[in-house]
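Some notes on the structure that comes next.
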Amino acid sequence: MDLRQMRAFVALADNLHFGRAAESLGVSQPALSQLLSKLEAEMGAELVVRTSREVSLSPVGELFLEGCRRTLSEALRAEEIVRDAPLGINAHLVIGTLGAGANGPLPEMISGFRATTQGLVVELHHHSNSATLEREILAGSLDLGVVRSISNEQLVASRRLLDEQFVVYLPDSHPLAARERVRLHELAAEDFILWPRYHGPSYYDLIISGCQRAGFTPRITGYGTSLESQLALVAAGIGVTLQAESNSSIIRAGVRCIPLAADLDATLWLAYRRWHRPPIVDRFLADSPTVEQRIRQWGSHASTQGAGL
């Protein structure tokens, strides 16, 4: 078994179509079939289920896929180390994050770590939900992830980063726009703009249940798949939107950000693999006193700025 066979298997798993997979690899379809047949023979197991109508992975193939992704990711990391060494680069850190992490404490964390780590290159990826981040961490594509929750605690460890309150974004012309703080029940008559539930079911449910505890079910008149799109809808007068305080660093013309009273809260976690993680992750975790200090500094700054947005 070699990396070429693994890449062929992953391409087929991603496309579930021999023609598209072969095209993505730049090989002929017969060559792809030969690679996969040889791989299955070497493994002594059926990895791909082929019928006249569809292609799918066998249960063993599903398990094998995660190992392939992890191995290919480590191979790519090894290539990067060799390529970067002549440039004086001796550390490469790949981080995935939700918007709240990027808009909140993550820049301070990276800044603190970079100050103590020479030759560091940081690669930052934005994801819209924690489940995708967790899969990427397990596959080895990410070293660290800033998430709201994790499901596989046996394989993914986490460290609490931040417990945060919420803010409400509303149009400049809104009667509550001049307030320094708003209670959630005061928004009962408003139209709401939310993230689609598939972007993060637990986060969506947190907002709905919080509103219900405040005595109302939110009337949803808009959805946005990014913070920017939701704020555009707020500016258009479609409704108001509730966001974690980390996002209060983002402002937009025509929109006002007001802190909510302590009616809703959420937690950000730093997630990473329990085992088989690169040394750079342990160095980052060992730097935690500096990281935690910078998080506190960010929290203090955010609370000072929040009322003025």
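The values are calculated or read from the model by the stated rules, or taken from the named source; none is laboratory data. Not measured: the values here are computed from a predicted model. Positions of Cβ are generated from backbone atoms using ideal geometry, with glycine treated the same way; all protein chains shown enter the neighbour counts. Quick note on the areas: whole protein, heavy atoms, side chains included, nothing else; ligands and nucleic acids left out. Shrake-Rupley method; radii C 1.70, N 1.55, O 1.52, S 1.80 Å.
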Heavy-atom accessible area of region 1-71 with neighbours in place, 1.4 angstrom probe: carbon+sulfur share in percent works out to 51
Give the shape of region 114-253 as rounded, prolate or oblate, defined through the alpha-carbon gyration tensor: a ≥ b ≥ c are the square roots of its eigenvalues, a/c under 1.5 means rounded, and otherwise the shape is prolate if a/b is larger than b/c and oblate if not. prolate
Expressed in nm to one decimal, what extension gain is obtained for the pair residue 153 and residue 261 from 0.36 nm per residue of sequence separation less their Cα-Cα distance? 35.7 nm
First select every other residue whose beta carbon is under 13 angstrom from the beta carbon of residue 142; then total the charges, Lys and Arg +1, Asp and Glu -1. +1
GNM, the chain, Cα, under 10 Å: largest mean-square fluctuation among 141, 56, 246? 56
So, R0 is 45 Å and r is the distance between the beta-carbons of residue 63 and residue 205; what FRET efficiency does that work out to, to 0.05? 0.90
Ignoring ligands and nucleic acids, what accessible area does residue 122 show with a 1.4 Å probe (Å², nearest 10)? 50
Approximate spin-label separation residue 2-residue 236, in nm, with each point projected 7 Å along Cα-to-Cβ: 5.4
What size of dipole, in debye to the nearest 20, comes out for region 170-259 about its Cα centre when the only charges are +1 on Lys and Arg C-beta atoms and -1 on Asp and Glu C-beta atoms? 120
Out of the DSSP beta bridges found with both residues in the chain, what percent are antiparallel (nearest 5)? 60
Taking r as the C-beta separation of residue 216 and residue 75 and R0 as 45 Å, the FRET efficiency to the nearest 0.05 is 0.25
Just add up the charged neighbours of residue 236: K/R +1, D/E -1, any other residue whose Cβ is under 14 Å from the Cβ of residue 236. -2
Using a basic spin-label model with each label point 7 Å from the Cα along Cα→Cβ, how many nm lie between residue 286 and residue 46? 4.9
Note to self: C-alpha centroids of region 4-56 and region 148-164 sit apart, in Å, by 35
So how do 128-139, 42-53 stack up, highest first, on mean other-Cβ count within 10 Å? 128-139, 42-53
